[in-house]
1. Using the structure shown, select from Lys131/Lys183; Lys118/Lys144; Lys59/Lys144; Lys59/Lys131; Lys183/Lys204 the pairs with a Cα to Cα distance greater than 25 angstrom.
2. Nearest 0.05, what FRET efficiency do Met165 and Gln133 give at R0 = 22 Å with Cβ-Cβ as r?
3. Which ³J(HN,Hα) values in Hz, rounded to whole numbers, follow from the phi angles of region 96-105 under the Karplus curve 6.51 cos²θ - 1.76 cosθ + 1.60, where θ = phi - 60° and Gly and Pro get x?
4. Tell me the net charge near Ser64. Cut-off is 14 Å between Cβ atoms, Ser64 excluded, with +1 for each Lys or Arg and -1 for each Asp or Glu.
5. Order of 195-203, 183-191 by packing, highest average Cβ count within 10 Å first?
6. When the expected Rg is taken as 2.2 N^0.38 Å, what fraction or multiple of it is the alpha-carbon Rg of region 138-194?
7. Search the structure for amide H atoms under 5 Å from the amide H of Gly164, placed 1.01 Å from N in the peptide plane, and list their residues when 5 or more places away or on another chain.
8. Can you tell me which of 143-151, 110-118 comes out highest on packing, and rank the rest after it, using the mean Cβ neighbours within 10 Å?
Amino acid sequence: MSTTRNPRTSSRREQLHQQQHADALAQAKRRRTRRLLGALAAVIAVVIIGLGLWSAQPKNGATSGTAPQFSLTTTAGTTVSLSDYRGRPVLLYFNEGAGCGACTQQMATIEKDPAFQKSGITVLPIVMNTKAQIQPDLDTYGVKTPYLLDDGTVSKAYDTLGKGMHADLPGHGFVLIDKSGNKVWQGDYPSMWIDPHDLLTTAKSHLSN
């Protein structure tokens, strides 16, 4: 007894086999693509993290030259001039101001540091805000030191603009002026924080007796 092969059945089987083979190739291709995209995403993440860590590194060092003079109104309604502090070291604290909680907390911790209070170094915080803009932040974090209100002129004169997250604002930086009115150190901290003890130690190391 002979068996006759149905051509239509064979054709359907071949088509099914070909479709299964094509589906398997497509799945394999999708898996390879996902693996490549995953690897690429990992590489990009590493690069971004690396750039972030690099950009957040503090940049500081000795500087020289006569400190630019200025007179600025304060949140207390007074006027402060750099010349008022001639004969005493001054640490200017330029920061982003309103909306930057870390910036205001920095000043709050400096105020509470007993060593800073005994150091004889006057800290003058400078922001590019109005009193109405910055005062709520000072109240929130309990900062008592009057803030100097700059229209950008002083921040530009001290080369502090664009050192943080915004091109038109100061970052988180300090300029140390000795008792003779000379700039002796400048430090920028993109991480938006420096321990007050470390800040004071660095400042003292750049002041002559």
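1. Working: Lys131/Lys183 28 Å; Lys118/Lys144 17 Å; Lys59/Lys144 28 Å; Lys59/Lys131 30 Å; Lys183/Lys204 13 Å.
Where the Cα-Cα span goes over 25 Å, the pairs concerned are Lys131/Lys183; Lys59/Lys144; Lys59/Lys131.
2. On the way: r = 17 Å, r/R0 = 0.78.
Approximately 0.80, to the nearest 0.05.
3. Going residue by residue, I get 5, x, 3, x, 9, x, 4, 5, 6, 4 Hz, with x marking Gly and Pro.
4. On the way: positive: Lys183; negative: Asp159, Asp178.
Summing Lys and Arg as +1 and Asp and Glu as -1 gives -1.
5. 183-191, 195-203
6. On the way: Rg = 12.7 Å, N = 57, 2.2 N^0.38 = 10.2 Å.
This ratio for region 138-194 stands at 1.24.
7. For Gly164, whose amide H was placed from the backbone, the distant partners under 5 Å are Gly171.
8. Ranking, from highest mean packing down: 143-151, 110-118.
The values are calculated or read from the model by the stated rules, or taken from the named source; none is laboratory data. Note that this is a predicted model, so its numbers are computed, not measured. Glycine gets a Cβ as well: all are built from the backbone with ideal geometry, and neighbour counts include every protein chain shown. What goes into the accessible areas is simple: the full protein's heavy atoms, side chains included, and nothing from ligands, DNA or RNA. Shrake-Rupley method; radii C 1.70, N 1.55, O 1.52, S 1.80 Å.
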